[in-house]
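To start, I am sharing the structure in question, which I have written as structure tokens.
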Amino acid sequence: MEQHIHPEPKAFIWKYVFSIDHKVIAKQFLWTGLMFLALGGTLAMMIRWQWAYPKTAVPVVGALFLSHTGGAITPPTYTSIFTMHGLIMIFWAITPILIGAFGNFCIPLMIGARDMAFPKLNMYSYWMFFASSVLVILSFTSQLGAASAGWTTYPPLSTNVGAPGWGQTYMALAIFATGVSTIMGGINYIVTVIRYRAPGMTWFRLPLTIWGMWLTAILNVLFVPVLGSAALLLSLDRLAGTHFFVAGAAVGIQGGDPMLFQHLFWIFGHPEVYILILPVWGIVGDILSFFSRKPAFWYKGSVFAMIAVTVLSAVVYGHHMYQTGMAPLLGLGFEMLTLAISVPAVVLFVNWLNTIWKGSLRLEVPMLFALGMVFVFGAGGLTGLLLGTISTDIYLHDTMYVVGHFHLTMAAASFLGSFSALYFWFPKMYGKQMDQNLGKVHFWGSVVFITLVFGGQLVAGYSGQHRRLFEPYQYTYIRHLAPLNRWTSFAAFALGATQLIFVVNFIKSILMGKKAEQNPWHVSTLEWTHCASPPIYHNFDIVPTVVRGAHEYADPAVKKKFGRDYLDQVEPGLSAVDEDSSAGMPEPEAIGAE
Amino acid sequence: MSATVAEHGEHHGPAEWSKDAHYGRASAGKIAMWIFLLSDGFSFGGLLLAYGILRAGAKAWPPDASLHEPHLGINFTAGLTFLLICSSVTMVLAHDAAVHGDRKKIIRYLALTVLGGVGFLCGQMQEYFGLFHGEGLIKEGLVFGGSAYANTFFVITSFHGLHVLTGTIYLFITLIAAIRGKYDNGNHDGIEIAGLFWHFVDLVWILVFTFIYLL
């Protein structure tokens, strides 16, 4: 479907603030997300400080925000800190960076569209997200403290009984608002990919990044409303005197059911972890191929594996509730479905390894981050088997092992995947090249320390340390873990310090980085081969006609004819005869004629 | 439009696009509405699930007989349900008129559909507050915040009522566009999309009516 070319707005407010250009909206999401990443990271450092040096004054941050206690963290502040850390990282850091920024930036550019299907809806989506961010900040200013029921917001802790005051209410409303924003974005992504692919950009010529973003958008659109209904009911409980989630002596027999919230939450919550990892799988699948100079191994297998995970993710939520007294047979069903997810996950994993196998690896920064993601995701995935199995989960449930596991898969993998994407698309976003040496230091610091931090948590949890304890060492059976926790904290502080290198690199590169060429990585997708760096307002003057998939590397015949090792998605390539015999890709006219 | 586009003239829009079977023929707006309705269906799903779990967990329904909460009257609401179904029929007729580009009929049937929506909303006001006659459910003792029975009833029916209100306003705007002649040339996509939303609201009501009133 043709998209018309509209003139570029000139006024500052329409160009940079209320812009409908997907590239500007992507940057808005990126910046907001990075700010929240810094905030969530600071909160993480505070948690680690508490576990390294309990009840002592936190350096720097303590003097700024905790002056009323002389800088030390009190138990109520501590519960707020870990709650806000979790919620902020998931909904206001990873989601906007991965989906908001790179989804917005990559989808139109990589499929050959001039913008999203609904540019204004896209703008509303960002500003709705911005409103939810304001609610998050408001939560910190609440007199009785920020939200404190844990990121899962379980009642009765999250009701007025467990967490009085506006802090928790603001967060319930913020979750609702960011959910609305996500749904608006999701509808836009799905329609854009269905309807606005360039001619010839068939489903199986899409880069894997687009597949990841598209499947994520589907999960978002379907399951965020369920979270929305839970947030709505919780807000009513807190504001309107209902008791959907309050039971027992507080209300009597006409009351509600706290377990209801867990169902609603995890019906959304399990797809959510795939919402955060599917884009990373796509991005990493592409980047491994690009920087190994090889076709992505078994591209269709990766696509079908991602589709299988998308479907399975909807039917496994019960594994978060093994310990709630569910019927054993039901638990067994959830266990089998959960472990079944490892099959498509391993297909993806083997495809990645086969992609880099005997490749001509270019260890540039995006590739390093992608390889790091493969490593932490592998480690995190293996540790998940013990949690998906009921018999071992009985022991590990609610320990630091769970924390270590989901941080390796959700946090570390998404984090490294996001930075892979950021280093990769930065030249296209800003038209500048990032400093590769600083980038490499940032990578090695990140991957080493992130493994140590979450590895340390796995070990502590396996030794029996429960999660969320304010002062773990008051229990004699955990006391011997104090040195382990302290060393884990040191690794966390080093991880935090490493991120400062990125901040310097990012800002320096935007302000005075070397000008980037159109295709600095010599890759084959449309945004690099057919758009300037940065792209013009409407991306493509002429929408290109695509003739092949995104991973055409390492063909010796191409090397002989063109003097380079790849074909972009548009150029005619070798003569028609060679094309038919070697690649078997039908010309677009052939498809059209059907 | 930039100079490059002007140079290439007619080539900036690919001509063979529509022949490609991969893209289908549905407009972006129609696909978006379908996806939104799926999404919206899941929000109703979440609320109905809450209702189901609370009701399944209660020993009796309403859970506490000592509160003397009124039982929901089926006859009046069955009338409202019939009204909503009728408005779906007029919606279909409006779409059919749009396919034939018959402005007079489009306006007539869209107006009837809007009337159906307004009628349903008035009926709901009557049911809640006794706006026109007698006492509403609230005065009879069904109070929001009183019991799980009252809570689920008000949240689900008012969430649906909000959809009817949105749909009625949406159809009213479509009606004005029709009066101005937007759909004269057989351009019926807008009416079809509005119709999708309206039929969805109707379908959801049939489920809500079944679960909350009949069962």
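The values are calculated or read from the model by the stated rules, or taken from the named source; none is laboratory data. For clarity, every value in this text was computed on a predicted model and none was experimentally measured. As a convention, Cβ positions derive from the backbone with ideal geometry for all residues, glycine included, and neighbour counts pool all protein chains shown.
Can you confirm whether region A:215-226 contains a residue that is touching a residue at least 24 places away in the same chain (Cβ under 8 Å), of a type in the set (Gly, Ala, Ser) and within 11 Å of chain B (Cβ to nearest Cβ)?
Within region A:215-226, one or more residues are touching a residue at least 24 places away in the same chain (Cβ under 8 Å), of a type in the set (Gly, Ala, Ser) and within 11 Å of chain B (Cβ to nearest Cβ).
Now for a separate question. Which residues, taken from region B:28-48, are more than 7 Å from every other protein chain (Cβ to nearest Cβ) and modelled with pLDDT under 95?
Residues satisfying the conditions are B:29, B:30.
One line per residue, one yes/no per condition, for (1) buried (at least 20 other Cβ atoms within 10 Å of the Cβ); (2) of a type in the set (D, E, K, R):
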residue: A:380; (1), (2): yes, no
residue: A:388; (1), (2): yes, no
residue: A:416; (1), (2): yes, no
residue: A:435; (1), (2): no, yes
residue: A:455; (1), (2): no, no
residue: A:458; (1), (2): yes, no
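Looking at region A:251-287 only, could you name the residues that are over 22 Å from residue A:410 (Cα atoms) and away from chain B (no Cβ under 13 Å)?
none
Could you check, for region A:427-438, whether at least one of its residues is farther than 27 Å from residue A:196 by Cβ and without any contact (Cβ under 8 Å) to a residue 24 or more places away in the chain? I'd like the intermediate steps shown before the answer.
Let us first name the residues in region A:427-438 that are farther than 27 Å from residue A:196 by Cβ, namely A:432-438.
Checking which are without any contact (Cβ under 8 Å) to a residue 24 or more places away in the chain leaves us with A:437.
Yes - at least one qualifying residue is present in region A:427-438.
State yes or no: is residue A:183 surrounded by fewer than 23 Cβ atoms within 10 Å (Cβ to Cβ) and within 10 Å of another protein chain (Cβ to nearest Cβ)?
no
Per-residue answers, yes or no, for (1) farther than 26 Å from residue A:74 by Cβ; (2) touching a residue at least 24 places away in the same chain (Cβ under 8 Å); (3) among the basic types (Lys, Arg):
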| site | (1), (2), (3) |
| --- | --- |
| A:440 | yes, yes, yes |
| A:446 | yes, yes, no |
| A:463 | yes, no, no |
| A:478 | no, no, no |
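Answer with yes or no whether residue A:44 is part of a helix (DSSP H, G or I), at negative phi and surrounded by fewer than 15 Cβ atoms within 10 Å (Cβ to Cβ).
Working: part of a helix (DSSP H, G or I): yes; at negative phi: yes; surrounded by fewer than 15 Cβ atoms within 10 Å (Cβ to Cβ): no.
Considered against the rule, which asks whether it is part of a helix (DSSP H, G or I), at negative phi and surrounded by fewer than 15 Cβ atoms within 10 Å (Cβ to Cβ), residue A:44 comes out as no.
Looking for whichever is surrounded by 21 or more Cβ atoms within 10 Å (Cβ to Cβ) and in contact with a Lys or Arg (Cβ under 8 Å, 6 or more places away or on another chain) here; the options are A:107, A:73. Which one fits?
Values: A:107 fails: in contact with a Lys or Arg (Cβ under 8 Å, 6 or more places away or on another chain).
Among A:107, A:73, only A:73 is surrounded by 21 or more Cβ atoms within 10 Å (Cβ to Cβ) and in contact with a Lys or Arg (Cβ under 8 Å, 6 or more places away or on another chain).
Oh, and also: Here is a check on your reading of the model: is residue A:233 surrounded by 24 or more Cβ atoms within 10 Å (Cβ to Cβ) and within 14 Å of another protein chain (Cβ to nearest Cβ)?
Against the criterion (surrounded by 24 or more Cβ atoms within 10 Å (Cβ to Cβ) and within 14 Å of another protein chain (Cβ to nearest Cβ)), residue A:233 qualifies.
Looking at (1) within 12 Å of another protein chain (Cβ to nearest Cβ); (2) modelled with pLDDT of 95 or more, which one does residue A:210 not meet, given that it meets all the others?
The single condition residue A:210 does not satisfy is (1).
Continuing with the same structure: Give the residue that is farthest from residue B:25 (Cα to Cα), with candidates limited to residues of region A:1-40 that are in a loop (DSSP other than H, G, I, E, B) and of a type in the set (A, V, I, L, M).
A:11
Looking at region B:52-70, which of its residues are more than 8 Å from chain A (Cβ to nearest Cβ), under 22 Å from residue B:129 (Cα atoms) and surrounded by 14 or more Cβ atoms within 10 Å (Cβ to Cβ)?
B:69, B:70 - these are the residues of region B:52-70 that are more than 8 Å from chain A (Cβ to nearest Cβ), under 22 Å from residue B:129 (Cα atoms) and surrounded by 14 or more Cβ atoms within 10 Å (Cβ to Cβ).
For region A:54-84, give me the residue count where each residue is assigned to a loop (DSSP other than H, G, I, E, B) and either touching a helix residue (DSSP H, G or I) at 6+ places or on another chain (Cβ under 8 Å) or without any contact (Cβ under 8 Å) to a residue 60 or more places away in the chain (or both).
12
Would region A:537-544 turn up any residue that is farther than 23 Å from residue A:209 by Cβ and in a helix (DSSP H, G or I)?
no
Right, another one. Give A:270, A:243 a once-over and let me know the one that is out of contact with any Lys or Arg (no Cβ under 6 Å at 6 or more places or on another chain) and either more than 22 Å from residue A:308 (Cα to Cα) or in a loop (DSSP other than H, G, I, E, B) (or both).
It is A:243.
Of all residues in region B:74-107, which are touching a residue at least 24 places away in the same chain (Cβ under 8 Å), more than 14 Å from residue B:183 (Cβ to Cβ) and not aliphatic (A, V, I, L, M)?
B:76, B:77, B:79, B:81, B:86, B:87, B:88, B:90
Okay, residues lined up against (1) more than 30 Å from residue A:391 (Cα to Cα); (2) of a type in the set (D, E, K, R); (3) touching an Asp or Glu at 6+ places or on another chain (Cβ under 6 Å); (4) surrounded by 15 or more Cβ atoms within 10 Å (Cβ to Cβ):
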{"residue": "A:294", "(1), (2), (3), (4)": "yes, yes, no, yes"}
{"residue": "A:306", "(1), (2), (3), (4)": "no, no, no, yes"}
{"residue": "A:313", "(1), (2), (3), (4)": "no, no, no, yes"}
{"residue": "A:317", "(1), (2), (3), (4)": "no, no, no, yes"}
{"residue": "A:320", "(1), (2), (3), (4)": "no, no, no, yes"}
{"residue": "A:330", "(1), (2), (3), (4)": "no, no, no, no"}
{"residue": "A:345", "(1), (2), (3), (4)": "no, no, no, yes"}
{"residue": "A:350", "(1), (2), (3), (4)": "no, no, no, yes"}
{"residue": "A:362", "(1), (2), (3), (4)": "yes, yes, no, no"}
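For residues that are over 17 Å from residue A:535 (Cα atoms) and not in a helix (DSSP H, G or I), tally how many sit in region A:108-138.
Number of matching residues: 2.
Being hydrophobic (A, V, I, L, M, F, W, C) and in contact with a Phe, Trp or Tyr (Cβ under 6 Å, 6 or more places away or on another chain), is that true of even one residue in region A:235-245?
Initially, region A:235-245 is screened for residues hydrophobic (A, V, I, L, M, F, W, C), giving A:236, A:239-240, A:244-245.
Then drop every residue that is not in contact with a Phe, Trp or Tyr (Cβ under 6 Å, 6 or more places away or on another chain), which leaves A:245.
Yes: one or more hits.
While we're on this one: Could you list, in sequence order, the residues of region A:310-360 that are touching a Pro at 6+ places or on another chain (Cβ under 9 Å), touching a residue at least 40 places away in the same chain (Cβ under 8 Å) and more than 19 Å from residue A:402 (Cα to Cα)?
A:310, A:314, A:355
Which residue pairs have Cβ atoms under 6 Å apart, sit 6 or more places apart or on different chains, and have a first residue in region B:48-68 that is farther than 26 Å from residue A:225 by Cα and a second that is of a type outside the set (Gly, Ala, Ser) and part of a loop (DSSP other than H, G, I, E, B)?
Listed by first residue and then by second, the contacts come to B:62/B:69; B:63/A:253; B:63/A:254; B:64/A:253; B:64/A:254.
Now a separate question. Can you tell me how many residues in region A:314-363 are of a type in the set (Ser, Thr, Tyr) and within 22 Å of the chain's Cα centre (by Cα)?
3
Here is a follow-up. Out of all the residues in region A:373-416, which are farther than 20 Å from residue A:320 by Cα and touching a Phe, Trp or Tyr at 6+ places or on another chain (Cβ under 7 Å)?
A:374, A:378, A:412, A:413, A:416
Quick one: what pairs do we get from region A:1-21, first residue over 25 Å from residue A:197 (Cα atoms), second among the β-branched types (Val, Ile, Thr) and part of a helix (DSSP H, G or I), C-beta under 7 Å, 6+ apart or different chains?
A:16/A:24
Any idea which residue in region B:145-170 is nearest to the other protein chains (Cβ to nearest Cβ), counting only those that are assigned to a loop (DSSP other than H, G, I, E, B) and touching a residue at least 60 places away in the same chain (Cβ under 8 Å)?
B:147
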